[in-house]
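Below is one structure, written out as structure tokens, with a few remarks after it.
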């Protein structure tokens, strides 16, 4: 049996993938052709079509192929698939095609491709193929027989909603990473039913626009206001429901009110128990009732928790670090609220997803008191000064945009705006665009350079990271610590090492 998914999603050429949110999903399970397959870890179906139209398997270790107009993501694909293979010994392959070749159906094309590439043959028969077909707006997942018990129909079908969620916010990298990582977690923890994927409201839509126009100006499209207004057209909630989850002067009560909202699957962003920026973060990353309930279960399974507090800041840490850290702030009204944006921005997860901690790349942040000796790495990302809880984010953003329009060469405005977007709202792509627009004005600004690298890792949008490492190496005369990070990036992403080796030779010490 092969697990099959044809799922809705969206892509704005990326737009072709808008079809994903409009089309239905075929049931998981074998087709009539698939029932004839031989259980040898490959397809084995009798297909009479001309196999010359099947692309040859690429030479890279984690097979990746793209002849569509979907934005190319070879570095991210390679990194995610290599990590997954090292944890599971499953061979993952990813293919993007513009259309299914003539004489093939989606099912027979996937079967033939799986067999032609011999996916999983050298991995004990364990193989998974992700096949994206652009003009049909579909994703099909082929899973070898050896994995049938681990990835049953229910898991396969859960991807319908998973992919709706992330394509609804146009975070294509998240679609890839989350889908494969969910399969890894399922494989490592087959009894844990919380890894069935994430879901989204069926009427969610996409409306992301370019945040900046050109190198220095701001576009007339208001990304912030358009995003809020359009999502509020499809999100509604009884005010009485919102009132059930208030912030409290007791951090314990605020925590349990938050967990209760997750358990109840309340997707509405404007909950009092969230900071203002965190509420807007929920617009960029819409989360479904199912996902929120799974998150509540994760916290319940990680109890007991411990609170580390200093003045108006606190960290909630969980037993064995088995759940994400939660950063809280006490507002001017004396009530504690969950800072979701900074919790995500500062979070770090272990290679095998088993433990959560704080990132080692951001030092001297306000919650550092809870993590003594957390890192011996040098400061790279400068954490901005915390904004007061009563700051109007709309007004501040409008002012910074107006400053850039009025004086596009003043780089500090780009720094302040990109920090606001990333740390207050966790709106990663606009933050990247603003930071890199500032670098066009002042390529020597290391603060923007490091923020662009960090945000691209977080997105994840890896393709644009290498030029930033190259610029930093040139600026610092080949500093060894930057070379180490650059080398780690090349190794983990299968980036072409040619430029790295050239720079190593250039800055080699006699």
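The table for this structure:
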{"item": "Failed item in (1) surrounded by fewer than 22 Cβ atoms within 10 Å (Cβ to Cβ); (2) assigned to a loop (DSSP other than H, G, I, E, B); (3) modelled with pLDDT of 80 or more; (4) out of contact with any helix residue (DSSP H, G or I) (no Cβ under 6 Å at 6 or more places or on another chain), with residue 119 passing the rest", "result": "(1)"}
{"item": "Test: residue in the stretch 233-250 that is modelled with pLDDT of 95 or more, surrounded by 15 or more Cβ atoms within 10 Å (Cβ to Cβ) and touching a strand residue (DSSP E or B) at 6+ places or on another chain (Cβ under 8 Å)", "result": "yes"}
{"item": "All positions within the stretch 480-499 that are surrounded by fewer than 14 Cβ atoms within 10 Å (Cβ to Cβ) and more than 25 Å from the chain's Cα centre (by Cα)", "result": "480, 481, 497, 498"}
{"item": "Near pairs, Cβ below 9 angstrom, 6+ apart or cross-chain, from the stretch 93-105 (outside the structural domain of residue 53 (by TED's automatic domain parsing) and over 21 Å from residue 177 (Cβ atoms)) to any residue that is assigned to a strand (DSSP E or B) and at pLDDT 90 or above", "result": "none"}
{"item": "Single residue of 108, 165 found to be part of a helix (DSSP H, G or I), crowded, with 19+ Cβ neighbours inside 10 Å and modelled with pLDDT of 85 or more", "result": "108"}
{"item": "Filter result for the condition that a residue is within 30 Å of residue 183 (Cβ to Cβ) and at pLDDT 85 or above, over 274, 327, 313", "result": "327"}
{"item": "Test set (1) surrounded by 17 or more Cβ atoms within 10 Å (Cβ to Cβ); (2) outside the structural domain of residue 320 (by TED's automatic domain parsing) - residue 410 fails condition number", "result": "(1)"}
{"item": "Per-region count, the stretch 433-459, residues part of a helix (DSSP H, G or I) and within 14 Å of the chain's Cα centre (by Cα)", "result": "5"}
{"item": "Single condition residue 326 does not satisfy, out of (1) farther than 20 Å from residue 458 by Cα; (2) buried (at least 17 other Cβ atoms within 10 Å of the Cβ)", "result": "(1)"}
{"item": "Criterion (more than 28 Å from residue 85 (Cα to Cα), outside any loop (DSSP other than H, G, I, E, B) and modelled with pLDDT of 85 or more) met by exactly one of 357, 343, 332, 348", "result": "343"}
{"item": "Filter pass, residue 283 being crowded, with 17+ Cβ neighbours inside 10 Å, touching a helix residue (DSSP H, G or I) at 6+ places or on another chain (Cβ under 9 Å) and more than 17 Å from residue 258 (Cβ to Cβ)", "result": "yes"}
{"item": "Evaluation of residue 462 against (1) touching a residue at least 12 places away in the same chain (Cβ under 8 Å); (2) assigned to a loop (DSSP other than H, G, I, E, B); (3) surrounded by fewer than 21 Cβ atoms within 10 Å (Cβ to Cβ) (one fails), failing number", "result": "(3)"}
{"item": "Test result for residue 147, closer than 16 Å to residue 182 by Cα, without any contact (Cβ under 8 Å) to a residue 40 or more places away in the chain and in contact with a strand residue (DSSP E or B) (Cβ under 8 Å, 6 or more places away or on another chain)", "result": "no"}
{"item": "Residue in the stretch 500-507 that is surrounded by 21 or more Cβ atoms within 10 Å (Cβ to Cβ) and not assigned by TED's automatic domain parsing to the domain that holds residue 275 present", "result": "no"}
{"item": "The stretch 35-79, subset in contact with a strand residue (DSSP E or B) (Cβ under 6 Å, 6 or more places away or on another chain) and assigned to a helix (DSSP H, G or I), residue modelled with the lowest pLDDT", "result": "74"}
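Listed here are the residues, each with its yes/no results for (1) farther than 22 Å from residue 340 by Cα; (2) surrounded by fewer than 17 Cβ atoms within 10 Å (Cβ to Cβ); (3) outside the structural domain of residue 275 (by TED's automatic domain parsing); (4) at pLDDT 95 or above.
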site: 361; (1), (2), (3), (4): no, no, no, no
site: 368; (1), (2), (3), (4): no, no, no, no
site: 376; (1), (2), (3), (4): yes, yes, no, no
site: 388; (1), (2), (3), (4): no, yes, yes, no
site: 401; (1), (2), (3), (4): yes, no, yes, no
site: 416; (1), (2), (3), (4): no, no, yes, yes
site: 426; (1), (2), (3), (4): no, no, yes, no
site: 429; (1), (2), (3), (4): no, no, yes, no
site: 448; (1), (2), (3), (4): yes, no, yes, yes
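The values are calculated or read from the model by the stated rules, or taken from the named source; none is laboratory data. Quick caveat, the model's predicted, so the values are computed rather than measured. Cβ coordinates were reconstructed from backbone atoms using ideal geometry, including for glycine residues, and neighbour counts include every protein chain displayed.
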